[in-house]
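> Below is a structure I'd like to ask you about.
The values are calculated or read from the model by the stated rules, or taken from the named source; none is laboratory data. Quick caveat, the model's predicted, so the values are computed rather than measured. Neighbour counts run over all protein chains shown; Cβ positions are idealised from the backbone, glycine included. To get the accessible areas, we keep the full protein, side chains included, count just its heavy atoms, and leave off ligands, DNA and RNA. Shrake-Rupley method; radii C 1.70, N 1.55, O 1.52, S 1.80 Å.
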Amino acid sequence: MRYMIKSGTGRKWLKVLPFYLLILLPLHAQRMDDVAVHSKYIQAVDEYRPAPGQHVNDVPTYEDGDTEADMIRKCNENLAGLGPIDSHLVALGGWGGYITFHFDHSIANVPGKRDFAVWGNAYQEMRNLVFGGMNEAGVVMVSKDVNGNGKPDDPWYEISGSCDVDSVGKVVYGYEVTYRQNPMGDIPWTDNQGHSGTIDRNHYHTQEYYPQWLPDGLTFKGTRLPDNMQNLSDQVEQSFSPYYYVLVGFRYGYADNLPNFTDNADADSWNYDGCGIDISWAVDENRQPVNLDFVDFVRIYTGLNQKCPQPEWWGETSTEFAGAEDIHLDASIEAIRNAQTGIRTIQQEAAKTAPFYDLQGRQVVTPTQKGLYIQNRKKIFIK
């Protein structure tokens, strides 16, 4: 935020003083709905734009005439207020397909701890030959509602997962894929690396694979994670197929990447380490760390662009999402209250000094919107 102060002889830019920065920070920067009991699970889905895939139009089900708003409503029926035991999956399709959601409060960045968990349907390969087994990693992004409008239209930051340190040179940043419609056929795609391919149909899923409520030419941008499929056919003998493929898990930082439970036989043993996300892992578009005290929106998108050469196994790799949880609900609520109390105190002190006025001469206690204001007979433009 910058101020441009105009005087009678010219103009100049002034750096924002801490005093002004605090009194002009919208209270919405730490959000908390007025409800009796806050939920640790997501409140609502804001966006649902899957890429084509074998589960798209089926999880949740598309019906003729459904709009994007209808599909978001169906996502909410599957996810809102529910944990991974009670929720129903939402499919994100091939690389880039995403879902955006929020809670009934801001999620606080608790120092030294993982702050929220993202649930999927990953599982450990039963023979324990590798780390993981059906792990379709999705990239996690976070955003803070700085402008206070309750919409996911502020800057987004990617959570830097373990691939950034374990697979240096294998992660593709600035990746881009465009999908084209091909009714009831394989869905073609091209990327910005000079490659092309298809999302292949199989006999298990017979519906249309291209999201029917979205336009042709869907384009997604983001980070492509390294392929994680391994062929263990020479190590495993089985009766129903000569093939045995697994999707290996990454160590941390992704959705649908590790099982929801540390022990699948114990539904109370949540895998907060494997599925937990630390807001402190957020990085900007230059892969530099950012300091976020709270986040208000979370986005998950499929991070892998690969398919199994044997269609009776996986088909394309597509992230499935089963909900999210604020791991430290009480800490988030307490941090929000403390932050809002501090801002209100500063605002009250500021009101005792020179007030702000809009161009119609009306006093503005705390100008939080962009525009021109007057204080001490000076014009102050808030950008």
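> Any residue at all in the range 66-74 that is modelled with pLDDT of 95 or more, basic (Lys, Arg) and open to solvent by 40 Å² or more (accessible area, probe 1.4 Å)?
Yes, there is a match, as at least one residue in the range 66-74 is modelled with pLDDT of 95 or more, basic (Lys, Arg) and open to solvent by 40 Å² or more (accessible area, probe 1.4 Å).
> Let me ask something additional. Among the strands (runs of 3 or more DSSP E) confined wholly to the range 182-282, which include 2 or more residues that are farther than 30 Å from LEU329 by Cα, under 18 Å from the mean Cα position of the chain (by Cα) and at pLDDT 95 or above?
218-224
> Quick test of your reading of the structure: SER269 fulfils all but one of (1) of a type in the set (Gly, Ala, Ser); (2) over 15 Å from VAL130 (Cβ atoms); (3) out of contact with any strand residue (DSSP E or B) (no Cβ under 7 Å at 6 or more places or on another chain); (4) surrounded by fewer than 16 Cβ atoms within 10 Å (Cβ to Cβ). Name the failing condition by number.
Against the list (1) of a type in the set (Gly, Ala, Ser); (2) over 15 Å from VAL130 (Cβ atoms); (3) out of contact with any strand residue (DSSP E or B) (no Cβ under 7 Å at 6 or more places or on another chain); (4) surrounded by fewer than 16 Cβ atoms within 10 Å (Cβ to Cβ), SER269 comes up short only on (3).
> I'm trying to understand the selection: among the residues of the range 121-150, which are open to solvent by less than 10 Å² (accessible area, probe 1.4 Å), within 17 Å of VAL45 (Cα to Cα) and over 13 Å from the mean Cα position of the chain (by Cα)?
Hit for the range 121-150 is ASP145, nothing else.
> Another question, if that's okay. Can you go through ASN257, ASN231 and tell me which one is under 29 Å from GLY169 (Cα atoms), open to solvent by 20 Å² or more (accessible area, probe 1.4 Å) and touching a residue at least 12 places away in the same chain (Cβ under 8 Å)?
The unique qualifying residue is ASN231.
> Being open to solvent by 50 Å² or more (accessible area, probe 1.4 Å) and more than 30 Å from VAL172 (Cβ to Cβ) is the filter here, so list the residues in the range 100-120 that pass it.
PRO111, GLY112, LYS113
> Can I ask one more? Test of understanding: among ILE85, ILE107, ILE99, which residue is part of a loop (DSSP other than H, G, I, E, B) and either of a type in the set (Val, Ile, Thr) or touching a strand residue (DSSP E or B) at 6+ places or on another chain (Cβ under 6 Å) (or both)?
After applying the criteria, what remains is ILE85.
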